[in-house]
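To start, the structure itself, in structure tokens.
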Amino acid sequence: MSIAEWIEKREIEGFPTFSYDEVRDNFPTLNKSSVTNELCRLNKKKRIQSVHKGFYTAVPLSFKEKGIVPPYNYIGQLMRHLNRPYYISLLSAGVLNGAAHQRPQRMSVTTILPRISLSKDYNPSLVWNYRKEIPNEFLLETNSDTGIILYSNPELTAIDLVQYNNQIGGLSVASTIIEELSEKLNFEKYDEKIIKITTFPTLQRLGYILEEVLDKPELAGSLYKILQSDIKKLKYRPLSTEKSSDCSVKNAKWEILVNKEIEIDEW
């Protein structure tokens, strides 16, 4: 059996991904150079795609023309290979939660520190983000063509969009997605657990956006109630960390220095 035949057999059996080490283990008579050359040949023929250093996926016929497999097809297997907890996050999670206004070109994936080392030929389809811990209680599951994948629920997605808004184009983009998610948000369900997965400045900004920008007083009120449990940690924070807050208007309830105008995209 050749390497190409071995890959095809795996694909038929429902295991389209594999590592370089797995190939070496299954073809012990081939030297390192022979294995590397064959994988490079198959990659050039768009039969396989290198999705991370030392990790590959077979390219189904439906994607052979471009030779690029959507990350949804392999992200679960890749993260198991890396032995990292993860979840699909930010705009990518927004889409999975039903917010279709912003469809990202790349998939955002959140995992734990330390940072994943990237080679010069890193996969441009993936954007990495990091947390100290993954809040499993705030994750949802869905099925891909190759298995279960994890993504942030509406509450964690809204929080991440505000906390990491600089990665998605700013607070206006974040607010547009949060508005789409608003009917699914239920902060009361998690109560003070919300505080443990983010920062007070993030929750202050999110609360301000919900109340003053999106006109969602009930959602904002449930979040404000949670913050009251540790009110001493509140202090004035700028709405945008990328602009000066000098001479900003003060929002007393959320203790926000309003130094940026947020505009919601209209459909």
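The values are calculated or read from the model by the stated rules, or taken from the named source; none is laboratory data. The structure presented is a predicted model; accordingly, all values stated were derived computationally and were not measured. Backbone-built Cβ (ideal geometry, glycine too); neighbour counts: all protein chains shown. What goes into the accessible areas is simple: the full protein's heavy atoms, side chains included, and nothing from ligands, DNA or RNA. Shrake-Rupley method; radii C 1.70, N 1.55, O 1.52, S 1.80 Å.
At least 3 residues being surrounded by 23 or more Cβ atoms within 10 Å (Cβ to Cβ) is the threshold, and among the helices (runs of 4 or more DSSP H) wholly inside region 148-221 those reaching it are 154-163, 171-181, 200-208. Contact annotation: residue pairs with Cβ atoms under 8 Å, 6 or more positions apart or on different chains, pairing a residue in region 124-153 that is over 22 Å from residue 104 (Cα atoms) and β-branched (Val, Ile, Thr) with a partner that is open to solvent by 30 Å² or more (accessible area, probe 1.4 Å) and not in a helix (DSSP H, G or I), are 134/85; 134/112. The one condition from (1) without any contact (Cβ under 8 Å) to a residue 12 or more places away in the chain; (2) surrounded by 13 or more Cβ atoms within 10 Å (Cβ to Cβ) that residue 259 does not meet is (1). Residues of region 27-57 that are surrounded by 14 or more Cβ atoms within 10 Å (Cβ to Cβ) and either in contact with a Lys or Arg (Cβ under 7 Å, 6 or more places away or on another chain) or among the polar types (S, T, N, Q) (or both): 35, 36, 43, 46, 49, 50, 57. All of (1) farther than 22 Å from residue 173 by Cα; (2) touching a helix residue (DSSP H, G or I) at 6+ places or on another chain (Cβ under 8 Å); (3) hydrophobic (A, V, I, L, M, F, W, C) hold for residue 247 with one exception: (2).
Within region 52-68, the residues that satisfy the criterion of being within 15 Å of residue 9 (Cα to Cα) and in a loop (DSSP other than H, G, I, E, B) are 59, 60.
Within region 58-69, the only residue that satisfies the criterion of being under 24 Å from the mean Cα position of the chain (by Cα), touching a residue at least 40 places away in the same chain (Cβ under 8 Å) and open to solvent by 30 Å² or more (accessible area, probe 1.4 Å) is 68. Taken over region 4-41, the residue count meeting the criterion of being of a type outside the set (D, E, K, R) and either outside any helix (DSSP H, G or I) or closer than 21 Å to residue 146 by Cα (or both) is 17.
Of the residues making up region 222-254, just one is in contact with a strand residue (DSSP E or B) (Cβ under 7 Å, 6 or more places away or on another chain), hydroxyl-bearing (Ser, Thr, Tyr) and surrounded by fewer than 17 Cβ atoms within 10 Å (Cβ to Cβ), namely 236.
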